[in-house]
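One structure is given below, encoded as structure tokens.
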Amino acid sequence: MSSSPLLAPGTLPALPHWERPPTDLPAAIREIKAAIRARIAASGRTVEEVFAVVEQRIKAEVDDIRAARERTETVWPVIDYADIAADTVPADALALLRRRGCLVVRGHFAREQALTWDRDIMRYVESNRFFENYRGPGDDFFGSVGSKPEIYPVYWSPAQMQARQSDRMARVQAFLNSQWKHESEGVWWFDPDRDSLYPDRIRRRPPGTNSTGLGTHLDPGNLDLWMTQAYQKAFRHLFDGTVEQYDPWDAAYRTAGPQYPGSTMCSAFRTFQGWTALSDMAHDQGVLHTVPIPGAMAYLMLRPLLSDVPDDDMCGVTVNQVFPASERWHPLLMEAVSGIPDVRAGDSVWWHCDMIHSVAPVTDQQGWGNVMYIPAAPWCRRNEAYSASVRAAFVTGSSPTDFPEEHYERTWTNRFHLDDLNDTGRRGLGLD
């Protein structure tokens, strides 16, 4: 195996790209796969050789996770909010965060504050006769969990906005953003200290629920990850024979490109996906699981190039659907699926934006399972562009454009308003 490419990346054959979904998807898939294979071959290596490098690294991480389980250790890193606020997070905890790419922040908010927000959300929706007017799931993704509802298409409650614009949230988001390489090649790809206030929904799952959960998937995009020019640059080391240099924490080019439509469409760049617990939740009650290996994205991106995958198939990845991860194509990764530990109301849960995740099924759930989804979405060119539509949705009480057009809150007079924004909120919406 060549230890380095024979040709410099700048001299390798260019890749075709489609900035919008191609009309003939099978033909485009065949074309891009052949082009990537040829580019890797021109570097002096084969697809099989570069994939073997990735597979060896992933196996080492899987073995480490399996060993941690055998020692009955929590696979997920856990860091106290107080240490984040005081800048006293232990070095070993930081190292584990970067290795695992996920985190539980203990005591992010006071437990009583989170429980109060949960009660306030219920008063908010009940005062506006939400349940009498609910029309059923607005999409075919979360609809699979049996919502009645479980996912509330509510974005502008005072509770959600208070959490989004709080100093405690901004501090954790800045801490998480700082784990990324946000400046390179003379470009500031994002501002780690400013969030774009990405609005998302609420989940409330009552005791006694039977839920099928959500299968293993990931949310950074779909075919656009191989087919658009910005993502081809972002994943350049996977496609030019320098796979050893691939860094899942490098934001270069990821804040610029377009995204194809999909079930988990996100117009913003998120360093971490996240949610804040509004109830106590035990680890065995239908909670979040991830494959806690940030570098697994390299495995996912290269796997469709191997010879056992049909030439017009990307291991099931296509437009208008979620990016799947499966036992069929990714059995090594599935060995590492690991759930969060017990959490209390006020804790927050975070996972790297590229990370495979799922929600475990549950029968006769014990206790509530309530969260509000708040990610880390730092200010950048891509997020600034999306903020214009967010501002319009906020002012009118509409559903944000990344989500189904349900618009329940347009007539709700007690939603959060412009005058309620603090400085952080105004900056997050691009108003200052």
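The values are calculated or read from the model by the stated rules, or taken from the named source; none is laboratory data. This is a predicted model, so every value here is computed, not measured. Cβ: placed from backbone, ideal geometry, glycine included. Neighbour counts: every protein chain shown. What goes into the accessible areas is simple: the full protein's heavy atoms, side chains included, and nothing from ligands, DNA or RNA. Shrake-Rupley method; radii C 1.70, N 1.55, O 1.52, S 1.80 Å.
The condition (being more than 23 Å from L176 (Cα to Cα) and surrounded by fewer than 18 Cβ atoms within 10 Å (Cβ to Cβ)) is satisfied by just one residue among Q321, Q365: Q321. For the range 376-399, does any single residue satisfy the condition of being under 26 Å from R344 (Cα atoms) and surrounded by 14 or more Cβ atoms within 10 Å (Cβ to Cβ)? Yes, that holds for at least one residue.
Kindly evaluate Y299 against the criterion of being closer than 17 Å to Y231 by Cβ, hydroxyl-bearing (S, T, Y) and at pLDDT 95 or above. Walk me through it before giving the result.
Details: closer than 17 Å to Y231 by Cβ: yes; hydroxyl-bearing (S, T, Y): yes; at pLDDT 95 or above: yes.
In short, yes.
When T290, T255, T271, T264 are checked against the criterion of being farther than 30 Å from T46 by Cβ, surrounded by 22 or more Cβ atoms within 10 Å (Cβ to Cβ) and modelled with pLDDT under 95, a single residue qualifies: T255.
Residues in the range 175-194 that are in a helix (DSSP H, G or I) and in contact with a helix residue (DSSP H, G or I) (Cβ under 9 Å, 6 or more places away or on another chain) were compared, and the one that is most open to solvent (accessible area, probe 1.4 Å) is F175.
For A159, the stated conditions hold: it is surrounded by 23 or more Cβ atoms within 10 Å (Cβ to Cβ), touching a helix residue (DSSP H, G or I) at 6+ places or on another chain (Cβ under 6 Å) and not in a loop (DSSP other than H, G, I, E, B). Could you name every one of the strands (runs of 3 or more DSSP E) located completely within the range 336-403 that has at least 1 residues being over 22 Å from I121 (Cα atoms)? Per the criteria, 348-352, 357-359.
For the residues D432, D347, D402, the requirement of being at pLDDT below 95, buried (at least 18 other Cβ atoms within 10 Å of the Cβ) and more than 30 Å from V54 (Cβ to Cβ) singles out D402.
Taking the criterion of being more than 23 Å from R37 (Cβ to Cβ) and part of a loop (DSSP other than H, G, I, E, B), the only residue of the range 217-246 that qualifies is D219. The residue pairs whose first member lies in the range 53-72 and is over 10 Å from E335 (Cα atoms), whose second member is of a type in the set (F, W, Y) and part of a helix (DSSP H, G or I), and whose beta carbons are closer than 7 Å, counting only pairs six or more residues apart or on different chains, are V54/Y299; E55/Y299; I58/Y299.
Just to be sure I understand the filter: pairs with C-beta atoms under 7 Å, separated by 6 or more residues or on different chains, first member in the range 370-385 and touching a residue at least 40 places away in the same chain (Cβ under 8 Å) and over 15 Å from R254 (Cβ atoms), second member polar (S, T, N, Q) and not in a loop (DSSP other than H, G, I, E, B). Which pairs pass? Cβ pairs passing all conditions: V371/T276; M372/Q160; M372/T276; I374/T276.
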